[in-house]
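Everything on this sheet refers to the single structure shown next.
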Amino acid sequence: MTKFNRVHINSSLITSIAYDAFTKVLEVVFCRGGIYEYANVNQQEYNNLMNSKSVGLYFNGNIRKCKEERYRKVRD
């Protein structure tokens, strides 16, 4: 499991996000439980996510939807 610094998010979907630019792994902690890692998330996608007006909407439309085959559940 990749170790990185976590950023707390004000969202009804996501509690916190962490990103490792070297491995291009985005780790997401969901409010309803579960920690997931999404592979092949580039720096621009991460920046767009963090700068979006709605992190949850951006995540669902641009990362979750597009990276479905590239994620894994890390923990409940």
Condition (residue is of a type in the set (Gly, Ala, Ser), out of contact with any Leu (no Cβ under 6 Å at 6 or more places or on another chain) and under 18 Å from CYS66 (Cα atoms)) applied to the stretch 35-48: is it met by at least one residue? yes
Take THR15 and tell me if it is among the hydroxyl-bearing types (Ser, Thr, Tyr), surrounded by fewer than 16 Cβ atoms within 10 Å (Cβ to Cβ) and free of Cβ contacts under 8 Å to residues at least 40 places away in the same chain. no
Output for the stretch 18-32, where each listed residue is hydroxyl-bearing (Ser, Thr, Tyr) and surrounded by 16 or more Cβ atoms within 10 Å (Cβ to Cβ): TYR19
Looking only at the stretch 33-76, and only at residues there that are without any contact (Cβ under 8 Å) to a residue 12 or more places away in the chain and in a loop (DSSP other than H, G, I, E, B), the one that is surrounded by the fewest Cβ atoms within 10 Å (Cβ to Cβ): LYS53
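No lab work stands behind these numbers, since they all come straight from the coordinates. These numbers come from a predicted model, not from an experiment. Note that each Cβ is placed from the backbone with ideal geometry, even for glycine, and that neighbours are counted across all protein chains shown.
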